Structures are given as structure tokens and as C-alpha cells.
Amino acid sequence: MERRDFLRSAAIAGGIAGRGAAAKGPLPRRRYKDNVELSIIGFGGIVVVGQEQKDADREVAQSVERGVNYFDVAPTYGRGEAETKLGPALEPHRKGVFLACKTTERTAEGARKELEQSLQRLRTDHFDLYQFHAVTTTKDVETILGPGGAAETFLKAREQGKVKYLGASAHSIEAAIAMMDRFPLDSILFPVNYVCYAQSNFGPQVVEHAKKKGIARLALKAMARNRLERGAERKYPKAWYEPFDDREQAAKALRFTLSEDITAAVPPGDERLYRLALDLAMEFKPLSARERRELLASSAGIKPLFPVG
């Protein structure tokens with residue numbers, strides 16, 4: 001999809017959401033693959049870490065009621081707590097949602113065991129999307145795709161109906177592009193952040209490469225400002241970076257990400273920031289070319305979360 005066409009369709013969705021808006025209409029959705037559409041804001045499993053089960057149940061139910069149908073989790077979130085809390089909370093809604101999970105295991109056997117464990121914890125017989133998690137180096141890619149690598153488990157699991165789509169999450173341009181070139185990914189989960197775009201040229205090349213290959217784009221770190229300095233106090237314990245939490249600043253950051261040619265964005269795992277993202281997404285209007293230039297320029301002096309791309 002050309003950028004102008006994407007922005008036109010996004011503007012229509014934003015306009016529909018904005019009428020009577022703030023939070024009454026359903027969250028807009030965009031195409032992922034085939035006939036699958038995802039809410040433009042995803043529910044990150046870290047949100048339920050630290051919550052009582054009844055609170056997790058309520059958080060999920062309220063999200064579904066607002067139109068969220070994209071849920072993303074990993075066994076590393078809260079050392080398994082995210083999965084064990086999200087499983088029961090999602091169970092009543094499972095048929096109507098798109099559930100994505102991940103593994104950091106790089107071998108076939110390790111990935112198989114973790115896949116089975118995640119399926120059990122999440123009380124489901126399949127994942128709509130299963131992803132190689134945190135692919136960072138070319139060594140990761142070589143191990144995943146080599147003999148006895150995790151890719152073997154992914155392909156077999158798809159044949160068995162345990163997973164439908166295959167993806168990868170990455171925080172490295174080199175690794176993300178290598179995975180897209182060497183494995184039939186359905187989607188890539190990658191940081192799409194205006195500070196990183198402007199200050200370290202980190203991200204745009206991954207989005208463009210995915211578009212050229214017909215790979216769906218899912219976004220991370222939309223509301224990230226910068227990396228926390230060592231020893232700095234964490235205002236949001238479940239975020240390893242400093243987020244934009246001022247409503248106006250957060251709105252600009254999220255607008256930038258949602259104005260790029262992506263399907264959905266997963267906001268920070270803190271429940272306050274997640275709820276803020278939901279509210280802001282209901283008011284979404286694509287950035288104009290001028291607004292985009294001005295926002296990128298405004299990032300001068302902010303240290304980007306990721307290094308030069």
C-alpha cells in the first residue's frame with residue numbers, strides 16, 4: 001500500500017473513531033493478513049503482571065469490550081506470570097481474539113517445549129501468531145534457521161495446526177532484515193518510534209523492507225522517550241525505558257507510529273500507559289506531512305532508545 005493510500009484509509013478510520021468519540025465507538029482495526037483485521041492497539045501481556053486474577057480478568061474483559069482483539073504475550077514476561085494470568089482472563093473471549101505468543105528458545109527442542117508450555121498456560125489449542133522473540137544478532141538468525149534450530153519447530157507446529165501465522169520480534173535492523181530475507185515470515189514486530197527515526201535512523205528501513213516483501217508490520221515502543229540511565233528511579237516499574245506519559249506528548253508519539261504503514265502498535269506494559277494509549281487511539285488522526293516533519297525535528301536533543309541504524 002502506498003503511503004498516501006494508507007494515510008487516506010487511516011484518516012477514514014480515525015474520523016469514524018473520532019465522531020462522538022472518546023471511547024464510545026469500537027477501536028479501529030486494520031488488515032493484518034488474509035481477511036484478518038487487528039485492533040490498532042494491542043494488549044501487551046505485561047499489563048497483567050502484578051495484578052490479582054480478578055483484576056486481570058476485568059482488564060481483559062474491558063479491553064475486549066472496547067474493541068481490542070490483538071493480544072501479545074511471552075513466557076519471559078513476569079517469568080511466566082503474564083501467561084498464567086492471561087490464560088484464564090482470555091478463556092471466555094478466546095474465539096474472538098487474535099493471540100500472539102513468542103519464544104526466545106533458539107533450538108527446535110527448546111522451542112517445542114516452550115510452545116507446549118505456553119499453549120497449556122494460555123488454555124488454548126493454538127496461537128494465531130507465534131514469533132521468534134528478541135532476535136538481535138546474526139548469530140541468533142543462524143541458530144534459528146540452522147539444523148536443529150527453532151524454525152523446524154515453527155514449521156512443524158504450523159503443519160499441525162498449533163500455530164497459524166509465523167513472525168519475529170527484533171530490536172536489530174540487521175537481524176530483522178536477515179530474518180525477513182531468509183524465512184517466510186508473516187509479520188515482523190519492531191520498534192517504530194519517532195525519536196529513533198529522527199535521531200538514529202532506526203526503524204524506517206525495516207518497515208520499508210517488510211512492505212516490499214509483503215510482510216505485515218506490528219509496532220513496539222511507540223511511546224518510548226529514551227533509555228533510563230543506570231540507577232535512575234523507574235516511575236513505571238514494568239517499563240525499562242522512560243515513556244512519554246504526558247497526554248499531549250504521548251498523543252504525538254502514538255500518532256506518529258499509527259501514521260506509519262503498520263497494522264497495530266503494542267504500548268508499554270504499564271496498565272496506566274496502556275489505558276492512555278487506548279484513549280488516544282480513539283482520537284487518532286494521521287499526521288500531515290508538515291506535522292510529521294515538525295515532530296521529527298522536535299526530537300533534537302533526546303537520546304534515542306536504540307543506536308544508529
Is the stretch 157-238 best put as rounded, prolate or oblate by its Cα gyration tensor, with a ≥ b ≥ c the root eigenvalues, rounded for a/c under 1.5, and otherwise prolate when a/b is larger than b/c, oblate when not?
-> oblate
How large is ³J(HN,Hα) for each residue in the stretch 146-159, as worked out from phi by the Karplus curve 6.51 cos²θ - 1.76 cosθ + 1.60 (θ = phi - 60°), to whole Hz, x for Gly and Pro?
-> x, x, x, x, 4, 4, 4, 5, 4, 5, 5, 5, 5, 4
Sorting THR124, THR257, THR136 on solvent-accessible surface, 1.4 Å probe, most exposed first, gives THR136, THR124, THR257
Under the Karplus curve 6.51 cos²θ - 1.76 cosθ + 1.60, θ = phi - 60°, whole-Hz ³J(HN,Hα) for the stretch 193-209, x wherever Gly or Pro sits | 9, 5, 5, 5, 4, 7, 9, 9, 6, 10, x, x, 5, 6, 4, 5, 5
At a 1.4 Å probe radius, carbon and sulfur cover how many percent of the accessible area of the stretch 45-139?
-> 48 percent
At q = 0.15, 0.23, 0.29 1/Å the base-10 log of I(q)/I(0) from the Debye formula over the alpha-carbon atoms of the stretch 229-286 is -0.45, -0.93, -1.28
Average accessible area per residue (Å²) across the chain - probe 1.4 Å, nucleic acids and ligands excluded | 45 Å²
If you take every DSSP beta bridge whose two residues both sit in the stretch 83-229, what share of them, in percent to the nearest 5, is antiparallel?
-> 5 percent
Rounded D (µm²/s) - the stretch 20-86, Kirkwood Rh over Cα pairs, Stokes-Einstein at 4 °C, 1.567 mPa s = 101 µm²/s
How large, in Å, is the stretch 16-143 by the Kirkwood hydrodynamic radius built from its alpha-carbon pairs?
-> 15.6 Å
Filtered GluC sites (Glu not before Pro), the stretch 202-248: DSSP coil and at most 10 other beta carbons within 10 Å = GLU229, GLU233
Alpha-carbon centroid distance for the pair the stretch 98-158 / the stretch 257-293, whole angstrom | 28 Å
Counting only trypsin sites (Lys or Arg not before Pro) that are in a DSSP loop and have at most 10 other C-beta atoms within 10 Å, tell me the longest site-free stretch of the chain.
-> 25-229
Long-range amide H contacts for GLU37: which residues qualify at under 5 Å (H placed 1.01 Å from N, peptide plane, sequence gap of 5 or more or a different chain)?
-> TYR32
Mind putting a number on the dipole of the chain about its Cα centre? Charges go on the C-beta only, +1 for Lys and Arg and -1 for Asp and Glu, and I need it in Debye to the nearest 20.
-> 580 debye
Computed P(r) (all Cα pairs; the stretch 186-309; 10 Å bins; percent) = 13, 46, 35, 6, 0
Based on DSSP, what percent of beta bridges with both residues in the chain are antiparallel, to the nearest 5?
-> 20 percent
Place a label point 7 angstrom from the Cα of ASP181 along the Cα-to-Cβ direction, then list the residues of the stretch 127-151 whose backbone nitrogen is under 18 Å away.
-> 135-146
How big is the stretch 68-167 by the Kirkwood estimate over distinct Cα pairs, in Å?
-> 13.5 Å
Quick one: if the Förster radius is 30 Å, what FRET efficiency do GLU52 and GLU229 give, using the C-beta to C-beta distance and rounding to 0.05?
-> 0.40
Checking the stretch 32-112 for GluC sites (Glu not before Pro) in a loop per DSSP with at most 12 other beta-carbon atoms within 10 Å yields GLU52
Long pairs among LYS139/LYS211; LYS85/LYS156; LYS162/LYS235, criterion Cα-Cα beyond 31 Å | LYS162/LYS235
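The values are calculated or read from the model by the stated rules, or taken from the named source; none is laboratory data. Because the structure is predicted, anything quoted here is derived from the model rather than measured. In this analysis, Cβ positions are derived from the backbone assuming ideal geometry, glycine residues included, and neighbour counts consider all displayed protein chains. Accessible surface is based on the protein model in full, side chains and every heavy atom, while ligands, DNA and RNA are left aside. Shrake-Rupley method; radii C 1.70, N 1.55, O 1.52, S 1.80 Å.
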